[in-house]
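Worksheet for the structure shown next.
The values are calculated or read from the model by the stated rules, or taken from the named source; none is laboratory data. Given the structure is predicted, the values throughout are model-derived calculations rather than measurements. Glycine gets a Cβ as well: all are built from the backbone with ideal geometry, and neighbour counts include every protein chain shown. Note: areas computed on protein heavy atoms with side chains; ligands, DNA, RNA excluded. Shrake-Rupley method; radii C 1.70, N 1.55, O 1.52, S 1.80 Å.
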Amino acid sequence: MRVPGGIRTTLAVALLAIVGGALGGAYLMVVPSLERRLVDARIDQLEEDGLRAASKGYPLVDQSRPLALEDFVDLASAVYRARVVVFQVLGPGPLTLVTLADSDPLGGSIRNDPVAKRTAETSSISRGRVERRGLQFGESAVPLLDGNVLLLSDSIEDQLATVRVVKRRLLYATGVALLIAAILGTAAATVHARRIRRLERAANRIAEGQFDEPVVDLGDDELGELAMAFEEMRVQLSQLDTARKEFVANASHELRTPLFSLAGFLELMADEDLDEETRAGFLATTREQVDRLTKLAADLLDLSRMDAGRLRVEQEEVVLADVARTVAEELSALAETTGHRLTVAADSDAWALADEERVLQIGRALAANALTHTPSGTEVRISASVENGRAALTVSDDGPGIPREHVERIFDRFYRVEGPQASGSGLGLAIARELAERMDGSVELVSRPGSTRFTLSLPGVPATVST
């Protein structure tokens with residue numbers, strides 16, 4: 001069942017319940033305890049005065065003279081500021097109390113006083129509270145040596161009045177506190193309710209696929225942490241959505257050309273009049289397009305993973321000389337096919353902290369780029385070196401170089417350099433640079449007519465570690 005007012009009402013009522021419960025607990029702890037202490041303090045004083053009167057004053061009284069007994073109770077009442085009564089105990093049947101002397105005979109009947117009767121029955125000191133004529137009295141009864149009972153009684157209305165004042169002030173304070181709690185609780189609950197509604201709207205936007213508006217909450221509490229979690233989720237989902245859209249757009253754009261080419265060659269190969277030499281040429285071209293599609297699919301997958309933040313790189317010791325030789329061995333067939341000379345010059349001390357598989361991927365991309373985009377007969381060199389604590393894998397050639405207007409954009413995704421040697425999707429270099437940056441490295445290009453050099457720079461490994 002939904003609470004009217006929602007979270008705001010719930011928080012306000014909860015605050016009121018907490019404040020009311022705390023004040024109610026304070027009331028129950030303070031008021032009864034205060035009343036008991038004040039009353040007990042007065043009764044303790046009556047008991048002490050009764051014992052003093054019974055031991056020091058009463059033995060001096062001439063019991064045969066009623067006037068002497070009256071003088072005793074009057075004097076004791078004046079000294080102890082209480083009503084003093086002496087009872088005679090009649091028995092042995094049901095005990096009966098007969099008043100022998102009373103300092104306040106007009107103060108109402110006291111002959112059947114329960115405290116005095118208890119002392120008569122037990123011959124021990126008794127104390128308690130009694131009510132007479134709607135008023136409360138504290139009493140203490142002391143047994144006398146002659147078998148009589150001495151009772152001291154005094155009104156405790158002053159103590160109870162003090163307690164009533166405390167009660168009244170506590171109730172006033174409770175009312176004021178609840179009013180303040182209601183105002184502050186409603187205000188605080190309203191603020192929190194607004195923050196929660198903002199988070200709710202943000203969650204709805206994210207659920208609808210709208211990732212452009214950030215989730216902001218400046219509170220340094222659980223709601224602020226929840227907002228930060230929502231913001232992280234929004235960023236991740238935005239990256240995934242962007243990666244998805246770019247992947248679809250890039251895939252449709254890049255796959256279209258090789259697919260159309262394949263479709264055309266397959267249609268031509270269906271011609272029965274096609275001679276074997278031409279058919280073999282078409283098959284070779286078709287294989288090239290399939291290889292191109294395979295590489296393109298792998299590049300698009302890597303690109304999508306990087307955009308989504310799911311591409312992981314390891315930190316391990318990599319021997320760049322081994323990487324250079326492996327890349328040269330893998331691309332030797334391509335170099336032979338394209339008419340290039342592929343050489344390796346590697347320093348065995350060139351060790352790097354990186355992901356070996358990703359370093360190999362970058363090396364392949366740089367070397368394949370040189371073999372693909374330089375004229376036949378160009379020498380392509382792969383070298384590994386270390387300098388100033390940085391390890392470097394360099395691919396260089398003595399080709400015509402890259403035009404200056406293309407140098408700054410050569411690492412852009414899907415960027416193509418127009419010219420007789422230009423081909424491919426332009427993804428290889430873009431992926432190479434991003435992979436290098438994820439390994440705390442970089443890919444740098446220096447190009448001029450007659451010399452082009454791509455250098456992968458990575459954190460080096462100290463010699464004491466690499467050995």
So, Val163, is that one in contact (Cβ under 8 Å) with a residue 12 or more places away in the chain, under 30 Å from Ala82 (Cα atoms) and assigned to a helix (DSSP H, G or I) or not? yes
Taking the criterion of being farther than 23 Å from Leu458 by Cα, open to solvent by 20 Å² or more (accessible area, probe 1.4 Å), modelled with pLDDT under 90 and of a type outside the set (S, T, N, Q), would at least one residue in the stretch 326-335 satisfy it? yes
Report whether or not Ala321 is hydrophobic (A, V, I, L, M, F, W, C), more than 30 Å from Glu200 (Cα to Cα), assigned to a helix (DSSP H, G or I) and at pLDDT 75 or above. yes
May I ask you to verify whether Arg83 is exposed (fewer than 12 other Cβ atoms within 10 Å of the Cβ) and either out of contact with any Phe, Trp or Tyr (no Cβ under 7 Å at 6 or more places or on another chain) or touching a residue at least 12 places away in the same chain (Cβ under 8 Å) (or both)? no
Options Glu434, Glu405, Glu418; residue that is modelled with pLDDT of 80 or more and outside any strand (DSSP E or B): Glu434
Any hit, the stretch 212-220, residues being surrounded by 12 or more Cβ atoms within 10 Å (Cβ to Cβ), modelled with pLDDT of 70 or more, out of contact with any Phe, Trp or Tyr (no Cβ under 7 Å at 6 or more places or on another chain) and closer than 25 Å to Leu311 by Cα: yes
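Per-residue answers, yes or no, for (1) free of Cβ contacts under 8 Å to residues at least 12 places away in the same chain; (2) acidic (Asp, Glu); (3) surrounded by 15 or more Cβ atoms within 10 Å (Cβ to Cβ):
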| residue | (1), (2), (3) |
| --- | --- |
| Val73 | no, no, yes |
| Ala76 | no, no, yes |
| Phe87 | no, no, yes |
| Pro92 | yes, no, no |
| Ser103 | no, no, yes |
| Arg111 | no, no, no |
| Gly134 | yes, no, no |
| Glu139 | no, yes, yes |
Long-range neighbours under 7 Å by Cβ, at least six apart or interchain, first residue under 17 Å from Glu200 (Cβ atoms) within the stretch 211-236, second open to solvent by less than 40 Å² (accessible area, probe 1.4 Å) and assigned to a loop (DSSP other than H, G, I, E, B): Leu223/Asp217; Gly224/Asp217; Ala227/Val215; Ala227/Asp217; Phe230/Val215; Glu231/Val215; Arg234/Phe211; Arg234/Val215
Hey, Ile410 of a type in the set (A, V, I, L, M, F, W, C), within 14 Å of Thr452 (Cβ to Cβ) and modelled with pLDDT under 90 or not: yes
Looking at the stretch 10-21, is at least one residue surrounded by 15 or more Cβ atoms within 10 Å (Cβ to Cβ), small (Gly, Ala, Ser), modelled with pLDDT of 90 or more and not in a loop (DSSP other than H, G, I, E, B)? no
Could you please find all residues in the stretch 388-402 being closer than 18 Å to Thr378 by Cβ and either assigned to a strand (DSSP E or B) or under 49 Å from the mean Cα position of the chain (by Cα) (or both)? Thr394, Val395, Ser396, Asp397
